[in-house]
């Protein structure tokens, strides 16, 4: 009667293939995102946004691996959204109901601190060149200057090519190569 040897080792090796392929695909997704993020940095007009562009961790949900390109929280993220989508015209006010009797400087400080902590501040005021410009000001809005969406559209093929290069470098006939820092 024939006897199979090494079956347990082969079963373990097969079980590892899916795990290793997910690591390879995550690395490939990050490589593709890097191409798009570089183009986005070249296209954006704000230094703060450019320096705040980040590539997130690859996530694995619903049989899809995705990477998010974001801007770090705070002023750079707000500015990035305003540049990408533009803003509608709006009033900006510093009335006593909004400020609670605080000075414009104190309101600005508290709003900044609240934003860093992820909560709402006491109110807002508009200060231009260090001087309050009034209790209520009309801001006409800003035109959009898209930088992230065009980067994605323009560099889509190049991103796929970069992802494919990672896959080709790591998947061999002899096995799947995973760098030690990714295991």
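The values are calculated or read from the model by the stated rules, or taken from the named source; none is laboratory data. As the structure is a prediction and not an experimental result, all values here were calculated from the model. Because the Cβ atoms are built from the backbone with ideal geometry, glycine has one as well, and the counts that use them run over all protein chains shown.
Exactly one residue among 49, 53, 71 is within 18 Å of residue 150 (Cα to Cα) and in contact (Cβ under 8 Å) with a residue 60 or more places away in the chain, and that residue is 49.
Can we say residue 24 is assigned to a loop (DSSP other than H, G, I, E, B) and either within 24 Å of residue 160 (Cα to Cα) or modelled with pLDDT under 95 (or both)? Spelling it out, it is not the case that residue 24 is assigned to a loop (DSSP other than H, G, I, E, B) and either within 24 Å of residue 160 (Cα to Cα) or modelled with pLDDT under 95 (or both).
Residue-wise test of (1) modelled with pLDDT of 90 or more; (2) out of contact with any helix residue (DSSP H, G or I) (no Cβ under 6 Å at 6 or more places or on another chain).
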| position | (1), (2) |
| --- | --- |
| 64 | yes, yes |
| 68 | yes, yes |
| 71 | yes, no |
| 76 | yes, no |
| 119 | no, yes |
| 141 | no, yes |
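Identify the residue in segment 146-174 that is at pLDDT 95 or above and in a loop (DSSP other than H, G, I, E, B) and, among all such residues, is nearest to the chain's Cα centre (by Cα). Filtering first and then ranking leaves 147. Of all residues in segment 76-96, at least one satisfies being exposed (fewer than 14 other Cβ atoms within 10 Å of the Cβ), without any contact (Cβ under 8 Å) to a residue 24 or more places away in the chain and not assigned by TED's automatic domain parsing to the domain that holds residue 173.
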